[in-house]
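Below is one structure, written out as structure tokens; comments come after it.
The values are calculated or read from the model by the stated rules, or taken from the named source; none is laboratory data. Here the structure is a predicted model, which is why all the values come from computation and not from measurement. Ideal geometry is used to build each Cβ from the backbone, glycine not excepted, and the neighbour counts take in all protein chains shown. Heads up: the accessible areas ignore ligands, DNA and RNA and are worked out on the full protein's heavy atoms, side chains in. Shrake-Rupley method; radii C 1.70, N 1.55, O 1.52, S 1.80 Å.
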Amino acid sequence: MSVLSHPVQSPPASSPAVRPTPPAAARDYSRLWEPSLARRFWSHPRATQYHRLFAALILANAFMLVRGLAVEGWARDSLSVPLEALGNLALANFSIAILIRQQRVINALFWLATRVPLSAPLWLRWQCGKVFHFGGLHTAGATSGTVWFALLLGGQAWHAAKGGDAVSLRTLCLSGAVLPLLFTMILTALPPMRSKNHNRFERMHRFMGWTVLALFWMHTLSTQADLARGHGFPLFRTPQFWVLCVLTLSVASTWWRLKIVPVEAVRTSSHAVILRFGKGCKAFPGSAVAISHTPLLEWHSFATIPAPGEDGFRLIVSRAGDWTGALIENPPSRVWIKGIATAGVANIEVLFKRVVYVATGSGIGPCMTHLLHKRLPIFLIWATKNPIKTYGQPLVDEILRAVPDAVIWDTDTHGKPNLSAMALDAVSKFRAEAVIVIANRRLTENVIQASELNGIPAYGAIFDS
């Protein structure tokens with residue numbers, strides 16, 4: 001049998017898929033040594049680079065606010081409120097929030113981060129591998145931009161209430177229309193709200209975002225008209241105009257490539273289906289694409305599996321909700337795709353000489369292309385329920401041909417393994433420099449924290465969207 005048929009603690013010598021793993025794997029490897037207080041702090045899930053980037057941008061904006069209030073006297077009187085500066089600060093933060101999520105910007109960031117050579121110190125490659133934490137800038141930019149816009153509205157209202165003529169009623173109404181939309185977008189994006197109502201969050205984020213962008217255009221035109229006071233205004237010479245052009249192009253560019261494509265579906269079980277996209281659908285190792293049945297309402301992203309020498313790519317879709325369940329029960333013959341293939345977390349593997357991959361369930365999908373392309377030595381630990389019955393013998397055989405000594409753990413037979421311990425044991429035996437984990441949030445955080453407490457770079461999804 002190709003799949004692990006006994007627990008790691010007592011593997012049969014004849015099993016070809018079992019990498020000999022001693023009973024010590026059952027120990028708690030998160031305590032190989034007593035980590036320093038600093039290492040414990042920086043390894044905590046709440047101290048990731050995502051949160052550090054979030055905090056850095058928030059602090060930068062706080063500095064600007066304190067400086068404006070304390071040094072420049074913004075709150076001295078209504079005429080001292082720098083309405084144009086507040087608007088520019090809001091726009092600058094929204095620009096960061098939007099552009100950092102643009103697909104081409106993401107691919108460029110990954111390309112730049114992975115230019116670091118293998119000869120560079122491990123600590124430098126370790127930090128460059130955290131490039132996918134850019135979502136911290138997205139959330140901080142959106143939050144800070146909303147605060148600045150609220151201050152702008154307050155300043156405009158104060159100015160108008162004191163009899164000032166720099167703000168028209170039209171501009172004031174437009175500002176009042178934008179702010180509730182911004183606050184609603186932030187509230188629905190909070191993790192508890194987003195996880196419980198993800199489809200609603202996605203739709204509100206999309207349609208409200210488009211509405212806010214249109215209102216920003218109207219607001220900019222109205223503001224410039226107020227400043228010109230009927231004498232005409234050189235709109236094309238204002239930085240706000242060009243920034244809004246860039247943001248509009250960024251949002252629209254994803255939809256320019258919207259198309260419906262044929263797909264071949266192979267239903268491997270009631271839990272999973274493999275979708276094959278043919279010639280004309282392009283992807284690169286470690287990328288992801290979004291697919292949909294209803295382009296304006298709902299999108300789902302999946303890791304692509306382009307194989308060497310083959311046209312197109314595959315996706316593995318497992319049952320994880322109503323949408324994926326319906327897709328598995330009634331596999332489609334065509335789906336919508338948009339934008340371009342976008343780099344994912346596992347692309348950072350090239351920063352290291354040897355890597356251990358840890359996957360659970362359909363998390364094998366994001367790993368597959370890296371196993372097949374063999375850009376570096378890889379060891380795989382895959383824990384899933386009855387892998388052959390769920391994903392099919394061909395897929396399991398394909399994995400074992402790529403990584404003959406992979407450990408495939410059947411959770412139906414042996415229960416849930418200690419993946420943190422198994423990963424650390426594999427790092428020691430395989431002499432790996434890093435761990436990449438594709439699993440649910442709890443397991444991902446556990447494996448990453450256990451690895452980094454022991455000085456091993458570890459990477460996994462940060463579940464920020």
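So the check is Cβ under 7 Å with 6+ separation or different chains; which pairs have a first residue in segment 382-405 that's assigned to a loop (DSSP other than H, G, I, E, B) and a second one that's surrounded by fewer than 18 Cβ atoms within 10 Å (Cβ to Cβ)?
So the pair list comes out as Lys385/Thr411; Lys385/Asp412; Asn386/Asp412.
Does Arg375 satisfy the criteria of being more than 24 Å from Phe110 (Cα to Cα), at pLDDT below 95 and surrounded by fewer than 20 Cβ atoms within 10 Å (Cβ to Cβ)?
No: the conditions fail for Arg375.
Working only within segment 117-127, note down all residues that are open to solvent by 30 Å² or more (accessible area, probe 1.4 Å) and of a type outside the set (Ser, Thr, Tyr).
Answer for segment 117-127, where residues must be open to solvent by 30 Å² or more (accessible area, probe 1.4 Å) and of a type outside the set (Ser, Thr, Tyr): Pro117, Leu118, Pro121, Leu122, Trp123, Leu124, Trp126, Gln127.
Checking His44 against (1) over 23 Å from the mean Cα position of the chain (by Cα); (2) at pLDDT below 85; (3) open to solvent by 30 Å² or more (accessible area, probe 1.4 Å): exactly one of these is not met. Which one?
(1)
Would you call Ile462 open to solvent by 10 Å² or more (accessible area, probe 1.4 Å) and touching a Gly at 6+ places or on another chain (Cβ under 7 Å)?
yes
Applying the selection to segment 406-431, what residues are in a loop (DSSP other than H, G, I, E, B), touching a Pro at 6+ places or on another chain (Cβ under 9 Å) and open to solvent by less than 20 Å² (accessible area, probe 1.4 Å)?
none
Evaluate segment 339-357: report whether one residue or more is of a type in the set (Phe, Trp, Tyr), at pLDDT below 90 and out of contact with any Pro (no Cβ under 8 Å at 6 or more places or on another chain).
no
Say whether the condition of being among the basic types (Lys, Arg), touching a residue at least 24 places away in the same chain (Cβ under 8 Å) and assigned to a strand (DSSP E or B) is met by at least one residue in segment 356-376.
no
Go through segment 104-115 and count every residue that is open to solvent by 30 Å² or more (accessible area, probe 1.4 Å) and either in a helix (DSSP H, G or I) or touching a helix residue (DSSP H, G or I) at 6+ places or on another chain (Cβ under 7 Å) (or both).
Summing the residues that are open to solvent by 30 Å² or more (accessible area, probe 1.4 Å) and either in a helix (DSSP H, G or I) or touching a helix residue (DSSP H, G or I) at 6+ places or on another chain (Cβ under 7 Å) (or both) in segment 104-115 gives 7.
State whether one or more residues within segment 320-334 are touching a Leu at 6+ places or on another chain (Cβ under 9 Å) and in contact (Cβ under 8 Å) with a residue 60 or more places away in the chain.
yes
Six or more apart or on different chains, Cβ under 9 Å: which pairs go from a residue in segment 132-145 that's in contact (Cβ under 8 Å) with a residue 60 or more places away in the chain and under 20 Å from Ala108 (Cβ atoms) to one that's in a helix (DSSP H, G or I) and among the basic types (Lys, Arg)? Could you list them?
From segment 132-145, the pairs are His133/Arg52; Gly136/Arg52.
Looking at (1) under 26 Å from the mean Cα position of the chain (by Cα); (2) buried (at least 19 other Cβ atoms within 10 Å of the Cβ), which is the only condition Leu152 fails?
Unmet condition: (1).
Would you pick out the residues in segment 268-288 that are touching a residue at least 40 places away in the same chain (Cβ under 8 Å), out of contact with any Ser or Thr (no Cβ under 6 Å at 6 or more places or on another chain) and over 21 Å from Gly392 (Cβ atoms)?
Cys281, Lys282, Phe284, Gly286
State all residues of segment 112-130 that are farther than 15 Å from Ala434 by Cα and in contact (Cβ under 8 Å) with a residue 60 or more places away in the chain; if no residue qualifies, say none.
The answer is Ala113, Val116.
Yes/no matrix, rows are residues, columns are (1) of a type in the set (Gly, Ala, Ser); (2) open to solvent by 50 Å² or more (accessible area, probe 1.4 Å); (3) farther than 23 Å from Leu65 by Cα:
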residue: Trp148; (1), (2), (3): no, no, no
residue: Gln156; (1), (2), (3): no, no, no
residue: Ala166; (1), (2), (3): yes, no, no
residue: Cys173; (1), (2), (3): no, yes, yes
residue: Leu182; (1), (2), (3): no, no, no
residue: Leu190; (1), (2), (3): no, yes, yes
residue: His198; (1), (2), (3): no, yes, yes
residue: Arg203; (1), (2), (3): no, yes, yes
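When you scan segment 244-259, how many residues do you find that are open to solvent by 50 Å² or more (accessible area, probe 1.4 Å) and touching a residue at least 40 places away in the same chain (Cβ under 8 Å)?
Qualifying residue count for the region: 5.
Could you run through segment 440-457 and say how many residues are within 16 Å of the chain's Cα centre (by Cα) and open to solvent by 20 Å² or more (accessible area, probe 1.4 Å)? Give the steps one after another, and end with the answer.
Looking only at segment 440-457, we keep the residues that are within 16 Å of the chain's Cα centre (by Cα), and these are 440-441, 444-445.
In the following step, the residues that additionally are open to solvent by 20 Å² or more (accessible area, probe 1.4 Å) were identified as 440-441, 445.
Residues flagged as within 16 Å of the chain's Cα centre (by Cα) and open to solvent by 20 Å² or more (accessible area, probe 1.4 Å) within segment 440-457 amount to 3.
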